[in-house]
1. Could you please find all residues in the range A:144-165 being of a type in the set (Lys, Arg) and without any contact (Cβ under 8 Å) to a residue 24 or more places away in the chain?
2. Identify the residue in the range B:238-257 that is within 8 Å of another protein chain (Cβ to nearest Cβ) and assigned to a helix (DSSP H, G or I) and, among all such residues, is surrounded by the fewest Cβ atoms within 10 Å (Cβ to Cβ).
3. Considering only the range A:127-153, state which residues are open to solvent by less than 10 Å² (accessible area, probe 1.4 Å) and either within 13 Å of another protein chain (Cβ to nearest Cβ) or not aliphatic (A, V, I, L, M) (or both).
4. Could you tell me whether any residue of the range A:332-341 is in contact with a helix residue (DSSP H, G or I) (Cβ under 6 Å, 6 or more places away or on another chain), under 20 Å from A:Gly507 (Cα atoms) and in a loop (DSSP other than H, G, I, E, B)?
5. Do we have any residue at all in the range A:502-523 that's open to solvent by 10 Å² or more (accessible area, probe 1.4 Å) and farther than 26 Å from A:Gly80 by Cβ?
6. Kindly indicate whether A:Val302 is farther than 29 Å from B:Ile234 by Cα, part of a helix (DSSP H, G or I) and at pLDDT 90 or above.
7. List the number of the failed condition for A:Glu414; all other conditions in (1) at pLDDT below 85; (2) under 30 Å from B:Ala235 (Cα atoms); (3) away from every other protein chain (no Cβ under 13 Å) hold.
8. What are the residues in the range A:63-93 that are away from chain C (no Cβ under 13 Å), part of a loop (DSSP other than H, G, I, E, B) and crowded, with 24+ Cβ neighbours inside 10 Å, if any?
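The values are calculated or read from the model by the stated rules, or taken from the named source; none is laboratory data. Worth saying up front: this structure is predicted, and the values here are computed from it rather than measured. Cβ coordinates were reconstructed from backbone atoms using ideal geometry, including for glycine residues, and neighbour counts include every protein chain displayed. Ligands, DNA and RNA are stripped out before the accessible areas are found, and what is left, the full protein with its side chains, is counted by its heavy atoms. Shrake-Rupley method; radii C 1.70, N 1.55, O 1.52, S 1.80 Å.
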Amino acid sequence: MHTSVPLAGQSRRSRIRAAAGGVLLVGAMTLTACAATEATPDADVPQVLTVGLSGEPQPLKVGLNQNALGYMMDALVAQGLLRYGPGGEIEPALAESYEQVDNATYSFTLRPDLQFSDGTPLTSEDVKRTFEFLADPANAAYTVAGMSRIDSITTDGDSQLTVKLKENDPDFLSYVANPTAFIVKEDELSADATVTIGAGPFVIDEQVQGVSMDLVPNELYYDPESVNLSKIELEYYPDTTARTNALLSGDVDFIDFVPAQDFDRLESTPGIVLDAQAGPLIGLTFNTTSGPFANPLVREAVAYAIDRDHVVSAADAGKAEPIYGIVLGEDSPFATEDSESLYSYDPKKAKELLDEAGYPDGFDASILTMSQYPYHQDTAVAVQGDLAAVGINLTLDSGDQPTWVKKATGGEFEVKTTGGSGLITAPSYLESWYFANASYTSFGYDNPDLRAALVEGRTAETEEERAEAYDRAFEIVAVDTPRVDLAQRYNGYAFKDTIEGFENLPGFLSYYSLNALPYLTISG
Amino acid sequence: MKRKLQRARDAFGPMQVIALTFLVLLIVLSMVAPAILPDPLAQDGSHTFAPLGTSGHILGTDAFGRDLLARLMAGVRTELMVAFATTLVALVLGTALGIAGAYFGSVAETVTMRIIVDVILAFPPIIFALLIVTIYGPGPITLTATMGVLFAMSFARIAYGQTLTVRRAEYVDAAHAYGAPTMTILFRAVLPNISAPLIVQASLTMAAAILLESGLSFLGLGLVPPAPSMGSMIADGQRYLATDPQLILIPSVVVVLTILSFSLLGDGLGRWLDPRRRNAHG
Amino acid sequence: MVAYIARRLATGVGLLFLVLTLIFFVIRTVPGDPAALLASGGGSGEASPEAIERIREQLGLDQPLWAQYLGYLAGVVRGDFGVSFQFGTDVTPIIMARLPNTLQLVLGAVLIGVTVGVLLGIIAARRGGVVSTVVTAMGSFAISVPVYVLATVLAYVVALQLRWLPAGGFVGWEDPVGHLRILVLPCIALAVPFSAIVATITRSGLVETAQQDWVRTARSWGLSPGSVFGRHVLRNSLTAVLTIVGLEIGLMFGSTILVEQVFSYPGLSQLLIKAVEQRDYPIVQGVAILAAGFFIMINIVVDVLYGVLDPRARRR
């Protein structure tokens, strides 16, 4: 019997803190919720899983970040050398074993006689080719940050492979385990190709565009025993309410992206399990090239002026953790008391900072947000309310996502709501938070000192040196306030209690949780 | 005079009286609301989801702790203003197009009725609005302009048809013969004689505009938050249907009653201004 | 008459061409770059400029606008509406797969609406008095309920609380019962305001016809009231109903956007909304042209019907 994650009180807090932390440490403790999943299928129960999905997965591309639905497809029809298992622990996939020789050298041994779903053998050469493709920035791979650190790949026979990095990256395996880093057949290894053949546990059987997709087990998968389902039916329910309704009315067995408003209702429904983890962040990024927000003091004032609890209750129905600093998790060796509480809710201090910045009477500005995602827009409204109290009057500029993307990349905004999730949970994810032009960095922001400190934090040889470098980075962040993180939102999956073997992965890994879909079992 | 009164009494039954009373009450309430109710935008994180009947918040509060009654009244105010502006735009634009098409003959007719009106009518209204709002961004101006153009087409068709019949009327010919300027003829002779069906259409358009506006807001294409509107309140409320049904039910009821009142008034006006339809009412 | 229809069809084609041109240029002024969206996997990631440029070339978006337009026109003439940006396959089959779904919604709603509406209208007209008032009042009310409110309430009460029908989604025709069960709630949501309109028209049509001289004459000849009603009055009134069906079908087509949203029903509107969100120009163009063609056809049919029913209108 599953127990759903408690979402109230002290237990939640500790779990969530742990969840955002280091992968290996967390693994052991989050396992308790969903332990003993080694179920053998009940012969009388048809092993057909019907999933109500938040949308239609796009045609699969090599290495691209195609969102949570893309990660799911990656894990269903393809496979990488490693993958995230229960608790977010990295486990072998196509690789039988792997070794971290040092922080810049990794070796892998592939399983014997691997094949793609069309019968083509999969060898270490395919892996080498795929990794080199992912490392090329022109191919826009999601894992390019890690893969581009590869200096050379040497193969030894069909199953041996050694990767040497240009510089230390203790978390390189996190990139290898990312679902988008699946191994691709030679003739499909192109940025323009749609991937149809992989080495994953399932193959696409039938699809009706806009309606559904059926998958059946791949007979050539290397570990057929781990697959108990005879069929997976993906059905698309883009409307959040319709999706929840589909599960409640029994039309589907499993749904993704449960809206926070429905957590309590699903949790209290007998026969339904809700599994939620605090994962993706929502916060503010600025246009630091001009206007009041170019002034770090103003940005700091914003960080002090916003009551995160207000944001959490208004925009996330209370299902989020307020954030006043840098999300590392309390188990992270690099987290300190300071890093977790760089700021606090202190409107008086915010006003003083505004005074100091030369805006004693505040100012008018606009905030860019997205109308498609209620939590974005609601966050903007909550922020608007709090900033009005210190004299910053925001007008909402709300359009659909492509409009947001266009204005965001073109710098046509003053401050905007930004959602995001680290690609990996190790602190080097912060490089995509603070490096110039990185995905989640404020527009126009660049600080060479911060960059240097973050790189040193990743590459330094000893833990002490790394911790010291990260401390330095956090001090710079406190002064610069390059962005203001507000809340870590819960990402929820809900399913019938007859489904066994699912576990929402902790922290940023939550979006990779559908990795487990192929290996679920249905009991009576 | 007596006959006129009798006609009005026939046309406006008790339903129309109730509708009119409701609308007047709603308008008055929404106008005085800012003076007596809390700020509809004021958030209060410690008073979210207050139930009905909470002291200080008669209808309770929403997820931001904003007073529901104040938001409702502000929503009604914007709703009515947008609907009224839309109707005005539609009435003026549509009537101008229709008269021009009918009065100035073949080229004008082709341009106005065949090209402008038919092309716009070839789009399902919501699809048209979806495209325009995506381009220009949501907001009251976009909304009014889009809906105004859409609804103008029905006015254009009515004005066109009416002007065609009036154009050949004796009094128009007479004005021509006296050498009256075209504009004078249009405003003095044509317009007054085609106005009855246009007024009826205006009342129905108010109802249709409220319906369409709330539908667009429901799809996130209406007003920009945090400004309240009926449709966005209903869309927000939908998310809390299971736990706080009043958040969707109250605005829904107000929308339904408002639309109902306008269409009832439209019916009454129609009967009053068009005696032939009186019999139809039975 | 034939010449009239031919002339209307010719103007229809001309209109379609205008709509096509308009939509082609309008959709390209919508902010947002389809290539950037595709390169970044739907807008969440960050794409390299090289990747965006390559995709732009691949989609032909690097060519000058007029060249794109001429290319598109040349395709349309041959019946080729281009390749979807999102799915990488031809637009026509994608749209054609969705079209029946939306048509079923509309047809189902018309069927329910006409049946219920005519029945209510007859009851109101024949009984008169209180019944008539009640039907009229219910009708005014039904017209005023926004379709999305109705849909939301239906989904909540019938699907979730009573569990009589599914709350949304889709089942193909291979399971006919399941398919029909899916259709019931969205069709009812569309049909309620429509049936109210039909009821009103039927009732007033019947009342008006019943007062005509020829009906009195028929009665005075000793025909039974039932037979007069069924064979003459009713048939005469139904032409008005037919016209209103034609006019309202277009509006209903627009309302499907809301109903499909609430029930996550895979129809044309859902396809269109998603395509606008993803800046999938060929799909947006395709759906808009199809919808416009549909509207233009309905207008022609209604006008022709008018002509058949009322010869005076033909001269226009």
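1. Kept after step one, since they are of a type in the set (Lys, Arg), are these residues of the range A:144-165: A:149, A:164.
Hit for the range A:144-165 is A:Arg149, nothing else.
2. First, pick out the residues of the range B:238-257 that are within 8 Å of another protein chain (Cβ to nearest Cβ): B:238-243, B:248, B:252, B:255-257.
Checking which are assigned to a helix (DSSP H, G or I) leaves us with B:238, B:248, B:252, B:255-257.
Details: B:Gln238: 24, B:Ile248: 22, B:Ser252: 24, B:Val255: 26, B:Val256: 22, B:Leu257: 17.
In this case the residue turns out to be B:Leu257.
3. Residues of the range A:127-153 that are open to solvent by less than 10 Å² (accessible area, probe 1.4 Å), as a first pass: A:127, A:130-131, A:134, A:141, A:143, A:146-147.
Passing the criteria: A:Thr130, A:Phe131, A:Leu134, A:Ala141, A:Thr143, A:Gly146.
4. From the range A:332-341, those in contact with a helix residue (DSSP H, G or I) (Cβ under 6 Å, 6 or more places away or on another chain) are A:334, A:339; that's our starting set.
Now restrict to residues that are under 20 Å from A:Gly507 (Cα atoms): A:334, A:339.
When the remaining residues are screened for being in a loop (DSSP other than H, G, I, E, B), the result is A:334.
Yes, that holds for at least one residue.
5. Within the range A:502-523, one or more residues are open to solvent by 10 Å² or more (accessible area, probe 1.4 Å) and farther than 26 Å from A:Gly80 by Cβ.
6. When the stated conditions are applied, A:Val302 passes them.
7. (1)
8. A:Ala78, A:Gln79, A:Gly80, A:Leu81, A:Ala93
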